[in-house]
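What follows draws every value from the coordinates through simple rules; no lab data is involved. Since the model is a prediction, treat every value here as computed from it, not as a measurement. Every residue, glycine among them, receives a Cβ derived from its backbone with ideal geometry; neighbour counts consider all protein chains shown.
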Amino acid sequence: MQNVTIKTIAKELGISVSTVSRALQNNTRIGEKTRKEVKKMAEKLQYVPNPIALNLQRSRTNTLGLVVPTLSEEFFSHVVSGVEKVATEQGFHVIVNQSQDSMSTEKEIIQSYIAAKLDGIMVSIAADTNDYSHFVKVQKHNIPLVFYDRIPRNFPSHQIRSEIQPGIFEAMRFLHQKNIRKIALLNGPSNLLVSDERLNGYLAAIKDLGLSTSPQYIKTTNLTRQDTLLKMAEFIEMGPEMPEAIVCFNDYVALHAIRTCQDFHLTPNVDISFVSFANIGITEFIEKKPIASVEQFPTQMGEESAKLLLDNIMTKDSMNFKNINISTQLVVH
């Protein structure tokens, strides 16, 4: 059989080779009618694209790198789904790696992405990341880079983030309306900007709602089960000063804290109430869960991250940094 190329398709349809090439890539600059005609002719002629030739022509690998802290958290699984949906629609593949909340692992992943000459990279930084030299390398190699959810501190970059402070204010107001006054914060690692946003929102709500707090009511966890149980035990051991409610960094922290309450023979959401972030679906099937959680719409976050990254790949404008905020919503269980 004669080797069918895009030149063959172009000759059959009487259009340019560049038009055929763009149509096969679903480029919206080409009208829908023309795209359909090109694809129909390609199918008729049994055209099979040569991925190596295409990538050489584009100077692209058509592959994106996505770094998540851990896929064991439902939030990040939904982010992956959003990224893959958008990437696939545009003919890109996605490589997903977990940092396991380790900066050293994160650095190894980023180095492998650079070596593989991926077209773009999306990252939610690890819990202990406090050095950004590996991200500077990405920018020096002119590889488009987008951060989502966990954003590095004071690092100019493309960013997709949740509106954390309005979310935590809604959570605090919800507790206040339930006549709860002694509200504590079980926050995430202090080096994470999202932890700062939770703390700032908590303190602002304390002031606006006319409440009081103290350093004893503000604790941080490194997000491991062991450390969360330890910090929750410290709250419980406050005795008469024990908080009436605790706002937790996310649902997983809240679930570990709830388990600690049970270990101390306390009744969750009676002796101590819990609200949190993420609104993971699995809580629907759990009896003892936070009474409310701030929905952060992770699938939308993944979609917006991929759209922003692909836009930078296509326009080759990686330094005109954009920040996109995703609205949050308090969901009462």
In units of 2.2 N^0.38 Å, what is the alpha-carbon radius of gyration of segment 99-187?
-> 1.45
Take every DSSP beta bridge with both residues inside the chain and express the antiparallel ones as a percent of the total, to the nearest 5.
-> 10 percent
Take the alpha carbon atoms of segment 179-215, find their center, do the same for segment 95-160, and report the distance between the two centers in whole angstrom.
-> 29 Å
How large is the charge dipole for segment 1-131, taken about the Cα centre, if only the Cβ atoms of Lys, Arg (+1) and Asp, Glu (-1) carry charge, to the nearest 20 debye?
-> 1260 debye
Whole-percent tail of the Cα-Cα distance distribution for the chain, cut at 35 Å, equals 35 percent
Taking Cα atoms, how many degrees apart are the long axis of helix 193-208 and the longest axis of the chain, rounded to 10 and kept between 0 and 90?
-> 40 degrees
Residue-ordered couplings for segment 122-130, obtained by feeding phi - 60° into the Karplus form 6.51 cos²θ - 1.76 cosθ + 1.60 and rounding to whole Hz (Gly and Pro as x), are 10, 9, 10, 5, 5, 4, 9, 6, 9
Please state, rounded to one decimal and in Å, the Kirkwood hydrodynamic radius that segment 43-200 gives when every pair of distinct Cα atoms enters the mean of 1/r.
-> 17.8 Å
Packing-based ranking, highest mean first, of 292-305, 100-113, 199-212, 247-260 given that Cβ atoms within 10 Å are counted | 247-260, 292-305, 100-113, 199-212
Assign unit charges at the C-beta atoms only (+1 for Lys and Arg, -1 for Asp and Glu), then state the dipole size of the chain relative to its Cα centre in Debye, rounded to the nearest 20.
-> 1580 debye
Folded to 0 to 90 degrees: helix 103-115 orientation relative to the chain principal axis, Cα | 10 degrees
Rounded D (µm²/s) - segment 135-232, Kirkwood Rh over Cα pairs, Stokes-Einstein at 25 °C, 0.890 mPa s = 160 µm²/s
Pull out the extension gain between F285 and R60, defined as 0.36 nm times the separation in residues minus the alpha carbon to alpha carbon distance; nm, one decimal.
-> 76.6 nm
Can you run phi through the Karplus equation (6.51, -1.76, 1.60; θ = phi - 60°) for segment 242-248 and list ³J(HN,Hα) in whole Hz, with x for Gly and Pro?
-> 4, x, 7, 8, 9, 8, 9
Do you know the relative contact order of the chain, to the nearest whole percent, from alpha carbon pairs under 8 angstrom that are 6+ apart?
-> 18 percent
May I ask which residue of A278, I258, C248 lies farthest towards the positive end of the charge dipole of segment 228-293, with charges of +1 (Lys, Arg) and -1 (Asp, Glu) on Cβ and the Cα centre as origin?
-> A278
Cα-Cα pairs above 23 Å in segment 177-333: how many percent?
-> 42 percent
How far, in degrees from 0 to 90, does helix 164-177 lean away from the longest principal axis of the Cα atoms of the chain, to the nearest 10?
-> 30 degrees
